[in-house]
Amino acid sequence: MLTSKERSELRAQANALETTLIVGKNGVTDTVIEEAENLLTARELVKGKVLEGAMMTAREVSDAICEATGAEGVSAIGNKFVIYRFSEKCQAERNATGRAKRKPTPVSKKDPVRSGIRARRQAQKKVREQRNEYFRQLAIDRAIERSREKQLRSED
């Protein structure tokens, strides 16, 4: 059983795949299952398409193929589906080329988007404070001028 993280990672990988398995109006036949077996052994991840003439949805086709081959359904959207089955052959090839399953790249705790937002907010706050200080000082200066004018008028 795939976890949701594994499923989403496989979905992302499937975006770049071309459709290699096509199910026609006859539905899921022995030839389709045999072809799916071959593709799963060779690639692990297979993207398929259900033609409009077929009387099955992509989900139904995906479930039928998964049941027959022992694979797991990754996604079924519209008339396309993606299935996955671990393949020893693919794992051996990855190990031979030195590209065993890579560790996920560490994600820095600092999110660049959030830090950018934070920096903009701090800059805006600084500008606001400077503007408020300017107007506060301006108000104080005007109040002092008014009091001086009053004193001059009262002395006359």
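Structural remarks
- Residues that are among the polar types (S, T, N, Q), over 23 Å from LYS5 (Cα atoms) and part of a helix (DSSP H, G or I), drawn from region 31-64: THR31, ASN38
- One residue stands out among those in region 71-98 that are surrounded by 11 or more Cβ atoms within 10 Å (Cβ to Cβ), in a loop (DSSP other than H, G, I, E, B) and not polar (S, T, N, Q): the one that is modelled with the lowest pLDDT, which is PHE86.
- Only one of the numbered conditions (1) part of a helix (DSSP H, G or I); (2) buried (at least 18 other Cβ atoms within 10 Å of the Cβ) is not met by GLU67, and that is (2).
- If only residues of region 23-64 that are among the small types (Gly, Ala, Ser) and closer than 14 Å to ARG85 by Cβ are counted, the one that is surrounded by the fewest Cβ atoms within 10 Å (Cβ to Cβ) is ALA42.
The values are calculated or read from the model by the stated rules, or taken from the named source; none is laboratory data. Keep in mind that this is a model prediction, so the values were computed, not measured. Note that each Cβ is placed from the backbone with ideal geometry, even for glycine, and that neighbours are counted across all protein chains shown.
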